[in-house]
């Protein structure tokens with residue numbers, strides 16, 4: 001199989017640099033190369049990729065390959081934005097010595113993912129600064145749910161483990177403010193512990209995974225077509241993006257390409273998802289600084305989008321639209337007209353909403369310099385999506401790894417460097433205008449033809465990465481296929497998992513009453529993180 | 001200030017007239033699936049393609065019992081694509097006070113080739129034995145509304161305060177519940193109000209399948225509510241997520 005020339009030159013350099021230490025190099029797809037090596041190479045290999053090739057570790061996970069290959073496998077997925085390709089490092093871990101070396105001290109972005117692997121596979125983390133449980137809370141007995149010998153239907157007995165201790169800040173006049181997991185608003189559950197001295201926050205500790213429901217394990221139990229519907233429920237606000245990332249992974253594993261019209265319709269749906277979520281977030285940010293009128297306008301506009309979604313896909317959250325090989329529903333002239341009208345109407349309405357918000361000096365006063373995430377920090381934590389772009393981290397899979405129809409449309413990626421709430425809102429505002437433009441371009445040159453390529457059965461023992469730039473940031477799905485149209489493993493990486501730790505940093509020095517608006521400006525998915 | 005007022009006046013009233021006029025649902029929306037029970041010839045294609053097991057069957061003694069469970073249905077419409085006897089309607093009103101109302105069963109005579117023909121028991125066969133057990137009908141929402149109104153008027157006067165708890169949902173339900181507070185639906189005009197504390201709540205609205213990590217928090221939230229209190233399950237996960245029955249007290253309303 002051919003490889004992108006830029007990626008090939010990097011792989012060649014790696015082969016030279018690590019001569020004799022790479023067990024094998026395999027091209028799975030034009031922009032996806034697998035490198036097999038041993039544990040002792042990981043740190044050096046990662047450091048080299050980061051320093052020389054400006055790589056990012058975008059996903060880290062384990063796979064229980066004991067039944068076939070007698071070992072656990074660890075996968076490190078590196079994105080090489082300039083080369084538009086991925087290098088996946090695979091390392092075996094022997095079941096006789098179930099442990100692996102942590103990279104967290106060098107790459108903070110991988111902290112939670114390493115701990116999740118420890119929880120789910122029982123592989124002991126060596127050298128991690130905080131190797132406590134992460135995904136499985138204290139009342140889980142010693143079980144490793146993602147090992148193949150763990151039965152999905154197992155009923156676990158009641159259990160009370162060691163009580164989770166929060167590391168509180170101590171000192172005169174320092175108070176701890178616990179919040180959650182059940183919050184005051186209609187939002188998802190998670191626990192926040194603030195240490196405060198007066199109003200300013202000294203330290204914020206997060207505890208998540210309250211809505212962990214074993215989604216990755218569920219993927220292993222279902223036939224592949226059913227998995228598409230499951231993917232829609234990973235994070236409801238990104239239903240279509242997750243389902244599409246999943247379909248894309250399976251399509252790549254099966255060497256099937258969605259036809260042009262399907263790719264164009266996917267692009268339109270991804271943009272619609274971006275539009276309704278960005279509108280909702282702009283409104284919600286205004287609500288959190290007591291500018292409720294703006295939120296009412298935003299909610300009204302969001303409802304318009306949801307109703308058009310219903311006309312286009314039969315479902316307000318675009319569920320049921322995605323399918324393996326393409327999309328399920330084609331759009332007729334009347335539907336395309338509705339979409340065109342929506343975009344025109346929204347553009348006018350957004351202009352007045354933006355003016356309304358701009359006219360409110362008290363709103364701007366609350367948003368500017370609030371919840372600053374410095375560019376260096378964003379880089380260290382590998383922050384992606386909106387939050388990354390508001391902090392000068394210029395990445396967008398739509399541009400750097402064009403999927404769906406993004407290589408056929410023109411758009412710009414807004415990037416700011418201040419990293420405050422105001423800029424995270426500005427990224428959303430600018431992206432909305434870009435989305436309108438993308439949809440207009442799609443409507444102008446919507447290719448004719450079929451909307452779905454046949455994909456009856458997925459060949460076994462293939463691995464593939466699927467990716468989509470969702471509205472929140474980059475989504476990765478990785479699949480390893482099994483015989484009988486099933487999956488041996490499906491790894492889901494939502495941008496929220498990557499971005500949560502940045503909230504603890506952005507809130508430092510801010511006052512507690514500003515926490516809701518800072519949190520909302522990131523608007524991370526709990527369900528996408530916890531799965 | 002004047003700009004804010006001007007924008008509001010220019011926009012005018014956007015609130016729907018529901019329930020005085022029917023809900024504005026697109027004709028293309030996928031709501032409740034309907035099975036032509038009398039002429040249904042084979043439950044297998046629907047059951048095979050259904051991703052959540054909402055359509056299921058059991059064969060025994062030359063008979064087949066087929067079942068449609070709306071509590072599990074995610075309205076994907078795949079069954080209607082493979083089986084002509086199943087049709088997706090745009091009726092999204094499925095709420096009911098009894099879990100059993102969400103499932104419909106029928107028994108058929110099983111044929112040698114795996115299809116079935118004559119319907120033996122089920123909807124539309126003779127008179128329903130008990131009118132309460134009919135499948136969910138369009139008027140059921142009105143009935144439910146009346147029942148809830150009667151009960152809430154008795155218990156809570158004219159208002160209902162709701163505490164929403166996400167016990168493992170994907171946040172899809174939250175998007176729609178938040179939408180109820182938008183100016184388009186404006187739930188507060190019915191005296192229904194979402195509150196921040198379970199201490200202020202009359203009703204616990206639960207979404208999601210109740211995860212192990214949320215079980216305790218959900219129980220504590222319920223315990224913190226002053227009686228009398230109601231529990232409502234929202235979404236397919238909340239209605240059929242499995243562990244719900246063991247962790248929460250009797251549920252008053254089911255909305256898949």
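The values are calculated or read from the model by the stated rules, or taken from the named source; none is laboratory data. Worth saying up front: this structure is predicted, and the values here are computed from it rather than measured. A quick note on method: Cβ atoms are made from the backbone with ideal geometry, for glycine too, and the neighbour counts reach across all protein chains shown.
Please count how many residues of region B:175-210 are in contact with a strand residue (DSSP E or B) (Cβ under 7 Å, 6 or more places away or on another chain), in a loop (DSSP other than H, G, I, E, B) and more than 9 Å from chain A (Cβ to nearest Cβ). Selection size over region B:175-210: 3. Taking the criterion of being part of a loop (DSSP other than H, G, I, E, B), more than 9 Å from chain A (Cβ to nearest Cβ), under 30 Å from residue A:297 (Cβ atoms) and in contact with a helix residue (DSSP H, G or I) (Cβ under 9 Å, 6 or more places away or on another chain), would at least one residue in region B:5-18 satisfy it? Looking through region B:5-18, at least one residue is part of a loop (DSSP other than H, G, I, E, B), more than 9 Å from chain A (Cβ to nearest Cβ), under 30 Å from residue A:297 (Cβ atoms) and in contact with a helix residue (DSSP H, G or I) (Cβ under 9 Å, 6 or more places away or on another chain). Taken as a whole, the condition of being surrounded by 23 or more Cβ atoms within 10 Å (Cβ to Cβ) and free of Cβ contacts under 8 Å to residues at least 60 places away in the same chain does not apply to residue B:235. Candidates A:271, A:232: the one that is within 14 Å of chain B (Cβ to nearest Cβ), within 18 Å of residue A:312 (Cβ to Cβ) and touching a residue at least 12 places away in the same chain (Cβ under 8 Å) is A:232. Determine whether residue B:169 is modelled with pLDDT of 90 or more, outside the structural domain of residue B:70 (by TED's automatic domain parsing), within 30 Å of residue A:241 (Cβ to Cβ) and not in a helix (DSSP H, G or I). Spelling it out, it is not the case that residue B:169 is modelled with pLDDT of 90 or more, outside the structural domain of residue B:70 (by TED's automatic domain parsing), within 30 Å of residue A:241 (Cβ to Cβ) and not in a helix (DSSP H, G or I).
Residues in region A:210-227 that are more than 8 Å from chain B (Cβ to nearest Cβ) and closer than 21 Å to residue A:454 by Cα: A:223, A:224, A:227. Scanning region B:20-48 for residues that are assigned to a loop (DSSP other than H, G, I, E, B), closer than 21 Å to residue A:315 by Cα and more than 14 Å from every other protein chain (Cβ to nearest Cβ) turns up just one, B:22.
Entry remark, region A:485-523: residues being outside any helix (DSSP H, G or I) and over 30 Å from residue A:152 (Cβ atoms) number 6 in total.
Filtering B:226, B:250 for residues that are modelled with pLDDT of 85 or more, more than 30 Å from residue B:13 (Cβ to Cβ) and loosely packed, with under 15 Cβ neighbours inside 10 Å leaves a single hit, B:226.
Of the residues making up region A:412-444, just one is surrounded by fewer than 17 Cβ atoms within 10 Å (Cβ to Cβ), part of a loop (DSSP other than H, G, I, E, B), in contact (Cβ under 8 Å) with a residue 24 or more places away in the chain and over 19 Å from the mean Cα position of the chain (by Cα), namely A:417. For residue A:138, the conditions (1) over 27 Å from residue B:217 (Cβ atoms); (2) within 14 Å of another protein chain (Cβ to nearest Cβ) all hold with the exception of (1). Residues in region A:305-351 that are within 22 Å of residue B:184 (Cβ to Cβ), within 13 Å of chain B (Cβ to nearest Cβ) and without any contact (Cβ under 8 Å) to a residue 24 or more places away in the chain: A:307, A:310, A:314, A:315, A:316, A:348, A:351.
Yes/no per residue for (1) in contact with a strand residue (DSSP E or B) (Cβ under 6 Å, 6 or more places away or on another chain); (2) within 18 Å of residue A:478 (Cα to Cα); (3) modelled with pLDDT of 90 or more:
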{"site": "A:68", "(1), (2), (3)": "no, no, no"}
{"site": "A:73", "(1), (2), (3)": "yes, yes, yes"}
{"site": "A:85", "(1), (2), (3)": "no, yes, yes"}
{"site": "A:105", "(1), (2), (3)": "no, no, no"}
{"site": "A:122", "(1), (2), (3)": "no, no, yes"}
{"site": "A:139", "(1), (2), (3)": "no, no, no"}
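Every condition in (1) modelled with pLDDT under 90; (2) under 24 Å from residue B:223 (Cα atoms) holds for residue A:189 except the one numbered (1). From the list A:37, A:82, A:109, the one residue that fits, being buried (at least 19 other Cβ atoms within 10 Å of the Cβ) and over 26 Å from residue A:529 (Cα atoms), is A:37.
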